[in-house]
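Derivation of every value follows stated rules applied to the coordinates shown; laboratory data play no part. These figures come from a predicted structure and were not determined experimentally. Positions of Cβ are generated from backbone atoms using ideal geometry, with glycine treated the same way; all protein chains shown enter the neighbour counts.
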Amino acid sequence: MNNEVFRFFLYGDVIGARRTSLPRTLHIPIVKSRTAFIVVVAIVTGTVVGFIALRTAGQDLPAHALRPNDVKVLAAGERVYAQRCASCHGAQLEGQPEWRSRGADGLLPAPPHDASGHTWHHPDELLFRITKFGVAKAANLSDYKSAMPAYEGVLSDEEIVAVLSWIKSRWPMSVREQHNQLNAQSLKEPKQ
């Protein structure tokens, strides 16, 4: 490309026409070749898109989306887990022994929340509802008995999201990615 084409883009005049609005001595030698021009446009476009993405990040997340990369949320979640969850689910998220078999009381022991358990098999919204309302109400199973208490009125919604986010942050990246895919699929499904 020659300088006249760039002059058109920079000054808005027609190639070969006399410029009247800008002095003839104004030359901006920003771009000397087509490749350089493309690189400059790509950098500017990338910067603008990146800025917009940062400004809008998280705005389209569902209300109870987990945030396993948010340091403040994780600090609160770790505290809540230690106070409310570790006594049954284990300090290392290991759960109780024989968690898949009902005990003498007819209840299932607390499952692990690490990668060996099934927590990550459920989307964020269901995990939130189970924690807040209990398994029976969350899954609409009126006859289901569980040792897991409902935390409605005990923990705020923010604390529930925080503790679930902390749990998710402890999973290996491969499990977290599978959970992210499960969430994406869940968001596409019609609500019942």
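Note down the relative contact order for segment 60-150 as a percent, whole number, built from C-alpha pairs under 8 angstrom at least six residues apart.
Values: 94 pairs, mean separation 17.5, N = 91.
Here the relative contact order equals 19 percent.
Within a straight-line Cα-Cα reach of under 16 Å, LYS145 can be paired with the following aspartates and glutamates, leaving aside sequence neighbours fewer than 8 residues apart in one chain: ASP105.
If N is the number of residues in segment 101-170, what value comes out of its Cα radius of gyration divided by 2.2 N^0.38 Å?
For segment 101-170, the normalised Cα radius of gyration comes out at 1.12.
Each Lys or Arg adds one and each Asp or Glu takes one away; over the other residues whose Cβ falls under 13 Å from the Cβ of SER165, this sums to 0. The alpha carbons of segment 65-192 occupy a box of 40, 35, 31 Å along the principal axes, longest dimension given first.
Placing one identical point scatterer on every Cα of segment 140-192 and ignoring solvent, what is log10 I(q)/I(0) from the Debye formula at q = 0.14 Å⁻¹? Log-scaled intensity ratios, in q order: -0.61.
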